[in-house]
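Below is one structure; the comments refer to it alone.
The values are calculated or read from the model by the stated rules, or taken from the named source; none is laboratory data. Because the structure is predicted, anything quoted here is derived from the model rather than measured. Because the Cβ atoms are built from the backbone with ideal geometry, glycine has one as well, and the counts that use them run over all protein chains shown. Only protein heavy atoms, including side chains, enter the accessible area calculation; ligands, DNA and RNA are left aside. Shrake-Rupley method; radii C 1.70, N 1.55, O 1.52, S 1.80 Å.
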Amino acid sequence: MQPEFSLQRFLDANPSQQPLMEQLQARVVSQPTPTSAQNIATQKIAVVLRGQRGELKNRAWLMAFKRRLREFDLATQVDIFYLPKHELHKVANPIFETIIETDYDYIVMDGLDEFSRPSIERILNRTQAEVLMLDVVAPVKAWRYHPPLIYIGVDLPKAMHRLASYIDRVLPIDTIVDVIMVRDAFDNGQRCQVFMNEWMSTGRKVNRHVAIANEAQLAFHATQELLQQTQRAHPEQQHFIFSCTPEVSFGVLGAIMEHDNVLTNAWNGQDLSDPALRQQNVLVTVLDMYDNMAIAAAEAIKADLESRLLPDVYMETSLLLFQEMDDETRDIMFQQAFRYSFRLWPH
């Protein structure tokens, strides 16, 4: 789900936000300093993350968030809740009720979609807690009277523009380009549709696009079907399959490993330790700055306790790892993207 207006339109209408964003950015990339707030009680923080407890993205985010809080010498109680995609309707409402009924000081919410929006609005309207929204790219106009403390996310249009531009630049003009999208509205809106829009803006076309559930096995089978159709019609042409999510990319890679003329993209920290696999089939890897987003959430809480001004929005960038990069350069970029959680990610 996308907000009603873009980040750039918001900044154009609110120029005073830019210096506040830059100030927070400077704190995020700097070494932490202990909080200057005096006589602060233990802060109760609820964190609601999408997906499973053991998912690498969630583990990395929590590692960076908790470490930054510890570096502030700030007493906190952090309660973690998970919203598994396959059981969302069963677990979401009890979780949101528990959060509303508990006296939290801060609530960190991961993502916004049509299902979770009513519950988030109840939290904004019925609790005294400050809410931090993750993975939302611009303020929601309907919340202007009860806004979150801050929105934190990735500037996806900018990231997808860079990705589409790079792929357009390096692929021959006659390359067959297919896209495997996902049916989940949140994941599809966050990446798949944004990339599709950027790709079409280059003047290049998509040969076929299919939508599946966000599962590697389904992506594997969808890729096999795409390969069969393409091999019959254009056996010698370069073929690129855009993978909208890490799960899709795992499935696509499994299906194209034996095809020298088929490429795809990868996402944060996929295990591409086999150099042959990395060089042969992965054209570009996208690294979102997860650690910086977790650090930004911790810095926003600290700034609020210290009564500092905060921007309404904090946006991070993405890094691109190119096929031709050497191992030393890749390692440096991984350390830049995952400052606190580097050891968790395959690289």
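Values computed for the structure shown
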read-out: Under 20 Å from K66, Cα to Cα: lysines that are on another chain or at least 8 residues apart; value: K44, K57, K302
read-out: Whole-number D in µm² s⁻¹ for the stretch 58-207, Kirkwood Cα-pair radius fed into Stokes-Einstein, 20 °C, 1.002 mPa s; value: 119 µm²/s
read-out: For the chain: accessible area per residue (Å², 1.4 Å); value: 45 Å²
read-out: Counted charge near D105, where neighbours are those whose Cβ lies closer than 12 Å (Asp, Glu -1; Lys, Arg +1); value: -3
read-out: Top positive-direction residue, dipole computed over the chain with Cβ charges, set P172, A75, F186; value: A75
read-out: Span per principal axis, largest first, for the Cα atoms of the stretch 162-225 (Å); value: 30, 25, 15
read-out: P(r) of the chain over all Cα-Cα pairs, binned every 20 Å from zero, in whole percent; value: 29, 56, 14, 0
read-out: Normalised contact order of the chain, rounded percent, pairs of Cα under 8 Å and 6 or more residues apart; value: 20 percent
read-out: The chain - percent of accessible surface contributed by carbon and sulfur, probe 1.4 Å; value: 49 percent
read-out: Considering only the chain, percent of DSSP beta bridges that pair antiparallel, nearest 5; value: 10 percent
read-out: List H86, H161, ordered by accessible area with a 1.4 Å probe, largest first; value: H86, H161
